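Contents: one structure, followed by commentary.
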Amino acid sequence: MKELIWMLPLIPFAGFLIIGLGRKSFPNPLISIIGCGTILVTFLLSCGIFKEIYDARQANADAVIYQELFNWFSVGNFSFNLSFMIDPLSSIMLLIITGVGFLIHLYSVCYMNHDEGFGKYFSYLNLFIFFMLLLVMGSNYLVMFIGWEGVGLCSYLLIGFWFKNSSYAKAAKKAFVMNRIGDLGFLIAMFFILANFGSLEFNTVFAAAGQLPMGDSMLLVITLLLFVAATGKSAQIPLFTWLPDAMAGPTPVSALIHAATMVTAGIYMIARSNIMFTLSPITLEVIAIVGIATALIAAFIAITQNDIKKVLAYSTVSQLGYMFLGLGVGAFTGAFFHVLTHAFFKALLFLGAGSVIHAMSNEQDMRSMGGLKKALPITYATMLIGTIAISGIPPLSGFFSKDEILAYAFEANPIFWVLGFLGALCTAFYMFRLLYMTFFGKFRGTEEQRQHLHESPWQMTLPLIILAVLAVVGGALNIPSALGGGHWLADFLSPVFAQTNAIKEPIHLSHSTEYILMAASAIGALVMAFVAYSKYVKKEDIPQAGAEAQGSGLYKLSANKLYIDELYDTLFVKPLNGLSKLFHAFVEKAGIDGLVNGIGDLFVSSGKGIRQLQSGSVGFYIFMMVLGVVAFMLYGLLTI
């Protein structure tokens, strides 16, 4: 099976080419078969490769598969290969990308069936999977960067899928520009890595980096630059505002970006580079602070949003903040554990939201919903599971992964735990608010929408059911020893973090402390679920139109997203637009255009003057000829 690694990215790329070329002539069923089939085959291959990695781990063998396809190019003493490396970390990512990706493809068959760009949509989805596979399979930073840029391109194409809507096109452009800012950090970091380690291959770089002392200044620069890249791709402060706007794309795309592909890239890259970050404690401190700040700000904004997809979008930003907090406090396994469980319940929640929007005739405002649980029983039941999971209520998966991050945060600094606990309370409140406003109480939509209410077809509900099951049992992968678990995921990933584990002491929390922390989180989430129930179901206190302008100061701040978009608009967009207009008026128009047009005008004027010599008068021509002969004779006499 390991000889077939190269086929993993090739199959979805072939799907992209075939669908792309036949998008206007192929019928929708054929496009569905090719689009879903290629990802299903890739998932089955990923399962086979994962089994080989798993068996190798069981036998204490080298659980790394390396495959060099060819030497890409050489410059001086540097040689760059297109090569892949599959280890325990990337083998799990393969399952997430292809497994969840397949479910999203299957869901899209019905969700996008009536869209005129059906073929284009599936070709883009396959291309997205191809680039994400490149990103996680690369054995060096260069291949990772190709995948990194590729998923940025695909997100631009899919967010702006309905580009005829100018606001959607602007959302795509915003995502593209913000990601490019972060990508510049990645590019510069690669130059530093190459200059200092002489290679971009992970094995070479990490082996050399492991010999450097703690706090090495060069590692500090490299890791800070890599973190800048991660803030763009994984939507952290200050580059997080593109992700909520990315809801402009089709809902399955949101599920793909938020759960299985793009936003996890930053966490994966840092986890992959763990030894360099471990040796840079200042960078880890920065990551932890940015992570917890992002988690809190996004959760605070999510509390008052009424667009069902916007709530989930800010939720993703907040959960990513938790993952970065985990990385910052050294809980690399915990952060990746949350990537895994988050993929299950966030994909579930987005696809569930899509099912609701589908039933509500494209309505996304929760104030116009209510009472949907009878009309959409499967969607309701699965979204209830997703809500419990993300809220951190035991025994569902989100409880275990979030608790592991918070336990490490408590060990590193109790203030981090307090702030993380506040974020968890907000998470439980806004998620149950979403659930109650959507499925409980009276229906608040139009009569036409009421007549249209129906449960989604099996192609949409089956992915919901599968993801709901995974959201329930996913936590079993890394149950802590305090609850009788064996830390399976930590053991499986231990070779990836071996260098880090060798220089970093494990946490020393007593079981009693862990019980107290877990109980506080669980009780806090249940209390917030009850508060939301009391407000939105018992009192039916549904926010009215215009509440953003009439509420308290905090409410206005939350509803208006802390005015961060307006702040960026004032600080960056307007000054840059003004500068562009200035350059356009004085440099381009008066300068460059003036010079170019002036030269052109000079020759045009000259031509007009010379044209007068060609009057058509034979007498004039003879006269000019005589003058010429005389001139030549005079020239001859003068030069003798």
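The values are calculated or read from the model by the stated rules, or taken from the named source; none is laboratory data. Every value quoted in this text rests on a predicted model; they were computed, and no experiment measured them. Cβ placement follows ideal geometry from the backbone for every residue including glycine, while neighbour counts extend to all protein chains displayed. Just so you know, the surface numbers come from the protein's heavy atoms only, side chains and all, with ligands and any DNA or RNA stripped out. Shrake-Rupley method; radii C 1.70, N 1.55, O 1.52, S 1.80 Å.
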Every residue in the stretch 175-199 that is open to solvent by 50 Å² or more (accessible area, probe 1.4 Å) and within 26 Å of residue 153 (Cα to Cα), please. 176, 177, 180, 181, 184, 187, 188, 191, 192
Among the residues of the stretch 422-429, are any at pLDDT 95 or above and open to solvent by 60 Å² or more (accessible area, probe 1.4 Å)? yes
Filtered residue count, the stretch 350-374, keeping only those that are closer than 18 Å to residue 461 by Cβ and either without any contact (Cβ under 8 Å) to a residue 60 or more places away in the chain or open to solvent by 10 Å² or more (accessible area, probe 1.4 Å) (or both): 3
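So that you can scan it fast, the table gives a plain yes or no per residue for (1) touching a strand residue (DSSP E or B) at 6+ places or on another chain (Cβ under 6 Å); (2) under 25 Å from residue 337 (Cβ atoms):
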position: 61; (1), (2): no, yes
position: 72; (1), (2): yes, no
position: 93; (1), (2): no, yes
position: 109; (1), (2): no, no
Can you name every residue in the stretch 402-420 that is open to solvent by 40 Å² or more (accessible area, probe 1.4 Å) and over 27 Å from residue 309 (Cβ atoms)? 408, 410, 411, 412, 413, 414, 415, 418
Residue ID - farthest from residue 410 (Cα to Cα), chosen from residues in the stretch 305-336 that are open to solvent by 10 Å² or more (accessible area, probe 1.4 Å) and polar (S, T, N, Q): 306
Please tell me if residue 341 is open to solvent by 10 Å² or more (accessible area, probe 1.4 Å), assigned to a helix (DSSP H, G or I) and touching a residue at least 24 places away in the same chain (Cβ under 8 Å). no
Please specify each residue of the stretch 528-565 satisfying the condition of being among the hydrophobic types (A, V, I, L, M, F, W, C) and either farther than 30 Å from residue 483 by Cβ or not assigned by the TED database to the domain that holds residue 314 (or both). 537, 542, 545, 547, 549, 554, 557, 559, 562, 564
Quick test of your reading of the structure: residue 525 fulfils all but one of (1) in contact with a helix residue (DSSP H, G or I) (Cβ under 6 Å, 6 or more places away or on another chain); (2) outside the structural domain of residue 434 (by the TED database). Name the failing condition by number. (2)
Every residue from the stretch 375-401 that is open to solvent by 10 Å² or more (accessible area, probe 1.4 Å) and either closer than 17 Å to residue 332 by Cβ or not in a helix (DSSP H, G or I) (or both): 375, 393, 394, 395, 396, 400
Can you spot a residue in the stretch 145-154 that is open to solvent by less than 50 Å² (accessible area, probe 1.4 Å) and closer than 25 Å to residue 282 by Cβ? yes
Out of the residues in the stretch 466-501 that are assigned to a loop (DSSP other than H, G, I, E, B) and among the hydrophobic types (A, V, I, L, M, F, W, C), state the one that is modelled with the lowest pLDDT. 479
Going through the stretch 449-486 one residue at a time, which ones are touching a Pro at 6+ places or on another chain (Cβ under 7 Å) and either of a type in the set (Phe, Trp, Tyr) or within 19 Å of residue 518 (Cβ to Cβ) (or both)? 475
Quick check, is residue 63 surrounded by 20 or more Cβ atoms within 10 Å (Cβ to Cβ), assigned by the TED database to the domain that holds residue 84 and either assigned to a helix (DSSP H, G or I) or of a type outside the set (Phe, Trp, Tyr) (or both)? yes
Just to be sure I understand, how many residues within the stretch 41-61 are in contact with a Phe, Trp or Tyr (Cβ under 7 Å, 6 or more places away or on another chain) and farther than 19 Å from residue 489 by Cβ? 1
Does the stretch 448-455 contain at least one residue that is outside any helix (DSSP H, G or I) and not acidic (Asp, Glu)? yes
Limited to the stretch 442-465, what total is found for residues that are at pLDDT 95 or above, touching a Phe, Trp or Tyr at 6+ places or on another chain (Cβ under 9 Å) and open to solvent by 40 Å² or more (accessible area, probe 1.4 Å)? 1
Going by what's in this entry, would residue 36 be described as in contact (Cβ under 8 Å) with a residue 60 or more places away in the chain, more than 26 Å from residue 201 (Cβ to Cβ) and in a helix (DSSP H, G or I)? yes
For residues in the stretch 544-563 being more than 21 Å from residue 308 (Cβ to Cβ) and either of a type in the set (Gly, Ala, Ser) or under 23 Å from the mean Cα position of the chain (by Cα) (or both), which is modelled with the highest pLDDT? 563
Hey, does the stretch 114-123 have a residue that's open to solvent by 50 Å² or more (accessible area, probe 1.4 Å), of a type in the set (D, E, K, R), closer than 30 Å to residue 464 by Cα and not in a helix (DSSP H, G or I)? yes
Residue 327 in contact with a helix residue (DSSP H, G or I) (Cβ under 6 Å, 6 or more places away or on another chain), of a type in the set (A, V, I, L, M) and under 18 Å from residue 255 (Cα atoms): no
Show the residue pairs meeting these rules: Cβ distance below 6 Å; 6+ apart or different chains; first residue within the stretch 407-426 and farther than 17 Å from residue 332 by Cα and among the small types (Gly, Ala, Ser); second residue open to solvent by 40 Å² or more (accessible area, probe 1.4 Å) and in a helix (DSSP H, G or I). 423/296
Can you tell me which residue among 530, 623 is surrounded by 11 or more Cβ atoms within 10 Å (Cβ to Cβ), within 34 Å of the chain's Cα centre (by Cα) and not β-branched (Val, Ile, Thr)? 530
Helices (runs of 4 or more DSSP H) lying entirely in the stretch 525-578 (those with 1 or more residues that are touching a Ser or Thr at 6+ places or on another chain (Cβ under 7 Å)): 553-559, 564-568
Unique residue being surrounded by fewer than 24 Cβ atoms within 10 Å (Cβ to Cβ), at pLDDT 95 or above and part of a helix (DSSP H, G or I) when the list is 297, 292, 301, 287: 297
Residue satisfying all of: in the stretch 245-270; in contact with an Asp or Glu (Cβ under 9 Å, 6 or more places away or on another chain) and assigned to a helix (DSSP H, G or I); farthest from residue 110 (Cα to Cα) among these: 245
Being crowded, with 17+ Cβ neighbours inside 10 Å and more than 21 Å from residue 327 (Cα to Cα) is the filter here, so list the residues in the stretch 200-224 that pass it. 200, 201
